[in-house]
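The block underneath contains the structure these notes are about, expressed in structure tokens.
The values are calculated or read from the model by the stated rules, or taken from the named source; none is laboratory data. A quick note: this is a predicted structure, and the numbers were derived from the prediction, not measured. Backbone-built Cβ (ideal geometry, glycine too); neighbour counts: all protein chains shown.
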Amino acid sequence: MVAGNWKMNTAQDEAKALAKYIVVNTQDIKNGEVVLSPPFVYLFAVSDAIKGSHIKLSAQNMYFEDKGAYTGEISPIMLKDAGCQYVIIGHSERRKYFNETDENINLKLKKALSTGLKPILCVGETLEEREKDITEFVVGIQIKKALYGIQDISNIVIAYEPVWAIGTGKNATPEEAEEVHFFIREMIRKKYGNTADKLLILYGGSVTVDNIGSLIEMKDIDGALVGGASLKGESFVGIIKKVAEKR
């Protein structure tokens with residue numbers, strides 16, 4: 001899987017044009033999935049642009065109630081109505097800037113699953129936590145709390161995003177990323193058994209067309225959650241093709 005998180009970027013015409021470019025230039029790729037995550041206000045426009053194609057639609061966030069007096073929030077039912085199959089949950093920017101807790105993330109995961117959306121759960125450590133050598137402890141706690149009370153994870157994707165590599169131009173080496181991906185898979189195996197073998201674990205953090213090739217060669221890296229590079233059609237298509245070649 002290659003997922004593009006457009007964050008708070010694009011205008012409507014840009015979003016539609018970018019989506020159409022990606023559809024046209026990846027239509028021959030049959031293995032794996034390509035997911036686009038535009039801003040809420042452009043979900044319908046992008047849904048229309050990718051209609052009938054192999055591209056899937058994702059939202060960048062959601063609330064854990066179906067409806068109600070929650071000004072400014074978006075429900076999973078609304079996302080499904082807009083054409084979403086996926087939703088990103090627990091992105092580090094949501095945790096950092098909007099004070100999202102592991103408990104809220106757990107509620108969102110449960111609600112997404114019960115509504116038929118496939119969550120892309122984001123986890124990762126800060127630079128300070130990595131320097132203290134507590135990466136596995138931090139990521140382990142995030143996963144344990146996020147998945148609390150969830151028995152079936154077959155529709156969940158996990159994205160490992162070292163916070164220190166997001167939007168900084170830095171990225172974990174393939175070996176550093178693989179070490180954490182392996183840890184995540186084995187942690188999942190201990191609780192969910194052989195489901196771990198089918199679990200998609202994506203890497204996110206300054207992914208580019210230049211570094212994705214070496215990352216995707218790692219055994220436990222199944223794709224990428226791409227930020228800045230997903231806003232440029234040529235670079236995002238290049239990433240998709242490199243992942244498809246390796247997998």
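Key figures for this structure:
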{"item": "Any hit, segment 176-187, residues being crowded, with 18+ Cβ neighbours inside 10 Å, of a type outside the set (A, V, I, L, M, F, W, C) and in a strand (DSSP E or B)", "result": "no"}
{"item": "Given (1) of a type outside the set (D, E, K, R); (2) surrounded by 15 or more Cβ atoms within 10 Å (Cβ to Cβ); (3) out of contact with any Cys (no Cβ under 6 Å at 6 or more places or on another chain), index of the condition N31 fails", "result": "(2)"}
{"item": "Odd one out for P76 among (1) under 26 Å from K246 (Cβ atoms); (2) buried (at least 19 other Cβ atoms within 10 Å of the Cβ); (3) in contact (Cβ under 8 Å) with a residue 40 or more places away in the chain; (4) not acidic (D, E)", "result": "(1)"}
{"item": "Matching residues in segment 139-161 - criterion: being buried (at least 18 other Cβ atoms within 10 Å of the Cβ) and not polar (S, T, N, Q)", "result": "V139, I143, A146, L147, I153, I156, V157, I158, A159, Y160, E161"}
{"item": "Extreme residue, nearest to the chain's Cα centre (by Cα), among residues of segment 1-31 that are in a loop (DSSP other than H, G, I, E, B) and modelled with pLDDT of 95 or more", "result": "M1"}
{"item": "Cβ-Cβ under 6 Å pairs, at least 6 apart or on other chains, segment 115-140 side without any contact (Cβ under 8 Å) to a residue 60 or more places away in the chain, far side of a type in the set (D, E) and surrounded by 15 or more Cβ atoms within 10 Å (Cβ to Cβ)", "result": "T135/E125; V138/E125; V138/E129"}
{"item": "Subset of segment 162-175 (residues that are crowded, with 16+ Cβ neighbours inside 10 Å and touching a helix residue (DSSP H, G or I) at 6+ places or on another chain (Cβ under 8 Å))", "result": "P162, V163, W164, I166, N171, A172, P174"}
{"item": "Scope segment 213-247; condition charged (D, E, K, R), surrounded by fewer than 19 Cβ atoms within 10 Å (Cβ to Cβ) and in contact (Cβ under 8 Å) with a residue 40 or more places away in the chain; matching residues", "result": "E217, K219, K241, R247"}
{"item": "Helices (runs of 4 or more DSSP H) wholly inside segment 32-139 that include at least 2 residues being within 16 Å of the chain's Cα centre (by Cα)", "result": "92-97, 102-115"}
{"item": "Which numbered condition F44 fails, given (1) aromatic (F, W, Y); (2) in contact (Cβ under 8 Å) with a residue 60 or more places away in the chain; (3) touching a Gly at 6+ places or on another chain (Cβ under 9 Å)", "result": "(2)"}
{"item": "Selected residue (criterion: nearest to Q151 (Cα to Cα)) from residues of segment 181-208 that are among the hydroxyl-bearing types (S, T, Y) and in contact with a Gly (Cβ under 9 Å, 6 or more places away or on another chain)", "result": "Y203"}
